[in-house]
Each structure stands twice: as structure tokens, then as C-alpha cells.
1. Test of understanding: extend the Cα→C-beta vector of ALA21 to 7 Å, then name every residue of region 56-86 with backbone N under 16 Å from that spot.
2. Using amide H atoms built in the peptide plane, which far-off residues or other-chain residues are under 5 Å from ALA20 H to H?
3. In a GNM of the chain with a 10 Å cut-off on Cα contacts, which of ARG34, ARG201, ARG105 has the highest mean-square fluctuation?
4. Subtract the Cα-Cα distance of PHE48 and SER73 from 0.36 nm times their separation in residues, and report this length gain in nm to one decimal.
5. Between GLY23, GLY5, ASN74, whose Cα lies farthest towards the positive end of the dipole of region 1-152 when Lys and Arg beta carbons carry +1 and Asp and Glu beta carbons carry -1, centred on the Cα centre?
6. By how many nm would the segment from VAL14 to GLU155 grow when fully extended, if each residue of separation counts as 0.36 nm and the alpha-carbon distance is taken off?
7. About the Cα centre, and with charges only on the beta carbon of Lys, Arg (+1) and Asp, Glu (-1), how big is the dipole of the chain? Nearest 20 debye, please.
8. Please find the FRET efficiency linking VAL185 to ALA111, where r is the Cβ-Cβ separation and R0 is fixed at 30 Å, and quote it to the nearest 0.05.
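Read-outs throughout are calculated quantities, based only on the coordinates presented, and are distinct from any laboratory measurement. Please read these numbers as outputs of a predicted model, since none were measured by experiment. For neighbour counting, all protein chains shown are included, and Cβ atoms are generated from backbone atoms with ideal geometry for every residue, glycine included.
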Amino acid sequence: RLTFGADVFSSDEVEFIPFAAIGTFPRGYRSNYRRENVNLNVDYATTFRAQLTDGVRSTTSAGFQFFDRTTNSNRSWGDGFPFVGLETVSAALTTFGAEGRLKERSAGFFAEQQFGFGNAFFLTLGARADGHSAFGDDVDYALYPKADISYILSEQVSLPAFFSSARLRASYGTAGQQPSNFSAVRTWQPESAVGGLPAVRPGNLGNPDLTAEVSTEIELGADLGFL
């Protein structure tokens with residue numbers, strides 16, 4: 001199974017108050033916000049099933065996922081028009097501008113192997129490796145292993161009539177949450193120094209070893225069916 005996806009979005013938003021239109025903004029005002037967003041993704045998965053022996057079945061699954069997001073934005077403000085009829089930001093007496101660009105990518109690979117012994121015992125082992133653009137420079141992939149065992153007791157043991165099924169199970173799994181964008185990057189913030197000279201001050205400290213936040217879960221349980 002191979003799936004491609006693309007989501008392309010663009011917007012151009014304008015807020016405009018003409019010269020001498022309302023008393024609270026007698027000289028007028030205009031803002032313009034433009035944004036472009038492109039999301040691309042690829043998802044591939046394959047499964048191979050085989051009957052190894054009369055009592056042993058094998059199911060092997062593998063695949064990968066890729067995601068790419070690009071967001072570009074520009075915003076401009078203009079405050080105060082010198083005369084009636086002017087409508088662009090550049091025609092205002094006071095203007096401001098801002099620009100934002102974001103590039104985010106992630107890639108993940110997974111593999112899973114399950115063995116079924118008769119109709120009673122099942123064993124599953126698997127792992128996933130994820131890489132993300134927000135990881136530190138010294139981190140390539142975060143690894144998430146998992147394991148699962150299941151034993152259908154009702155297939156092997158004679159139970160009282162009011163039991164329709166009984167299964168024991170246990171599982172172990174890990175999952176991860178990637179850092180927010182630019183968390184691993186050393187950043188600097190612009191600053192106006194003495195005399196209006198341009199300067200910078202430290203922003204985010206950065207961390208080349210930053211990786212995903214990993215959570216681990218262990219489950220033990222029994223599934224019972226009655227009547």
C-alpha cells in the first residue's frame with residue numbers, strides 16, 4: 001500500500017481603513033498578511049503472510065512514512081495616509097514589516113514480526129525509527145521498540161460453560177514526541193544597542209544532543225467473554 005498526499009494552501013488577507021473614514025483612525029490604516037503552506041507526505045506499508053508449518057504462521061510487516069511541511073509568511077503594516085485615495089502599505093507615513101519561514105521534515109521506518117502458534121499463542125516483536133528536523137545535529141534517529149504476547153486460554157483449556165472466551169495478554173511499547181521546531185538550535189535575538197547600533201543577544205541555548213521525549217508503557221490484562 002503506497003499513499004501520496006499534498007496539501008497546498010495560500011492566503012492573502014487585508015485590513016484597510018481609508019483616510020478620514022472613521023474618527024478613531026482619522027489618517028487611516030492598512031495591514032497585509034500573506035501565507036503559503038505546502039504539506040507533502042508519503043506512506044508505504046507492506047505485509048507478507050506465510051504458513052511456516054502446520055501449526056506456525058508468520059506475518060511480517062514493514063514500511064516507512066515521510067512528511068515535509070513548508071510555511072512562508074510575510075506581514076506588513078502601514079499607519080497614517082497623508083491624503084485621501086491612498087490604499088497601499090507603502091503609501092503610509094509609518095510602515096513595518098515581518099517575515100517568517102519554517103521548514104519541517106520527518107521520516108520514520110518500522111518493522112514488525114508476528115508468529116502465531118496454532119490458534120492459542122501469539123508473539124509480536126517490532127520497532128520504529130524516527131528522524132526529525134528538530135533533533136539536534138548529533139542525533140539521527142529515535143528508536144521505539146515494542147513486544148506483545150497473547151495466549152488464548154479457551155483454545156487450550158476446557159472452561160465452564162458460561163465462559164465463551166478467555167485470553168491473557170501482556171505488551172511493552174514505547175512512543176515519542178519530537179521537540180518543537182528550532183529547540184535544538186542556538187539562536188540570537190536582534191537588539192538595539194547604544195546609539196541605535198544593531199546588536200544581538202542570546203536567545204535559545206540550543207542542544208546538539210536533543211532528541212525525542214520518549215514514554216514507555218507496560219500492559220498486563222485478561223479478556224474474558226461470557227455467555
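1. Hits in region 56-86 for ALA21 at 16 Å: 77-86.
2. Residues meeting the amide H criterion: ARG27, GLY28.
3. ARG201
4. Values: separation 25, 0.36 × 25 = 9.00 nm, distance 4.50 nm.
Extra length available between PHE48 and SER73 comes to 4.5 nm.
5. Towards the positive end, the residue furthest out is GLY5.
6. Numbers: separation 141, 0.36 × 141 = 50.76 nm, distance 6.81 nm.
This chain segment gains 43.9 nm when fully extended.
7. Values: 18 positive and 25 negative charges, 44 e Å.
I would put it at about 200 debye.
8. Working: r = 31 Å, r/R0 = 1.04.
In this case the efficiency is close to 0.45.
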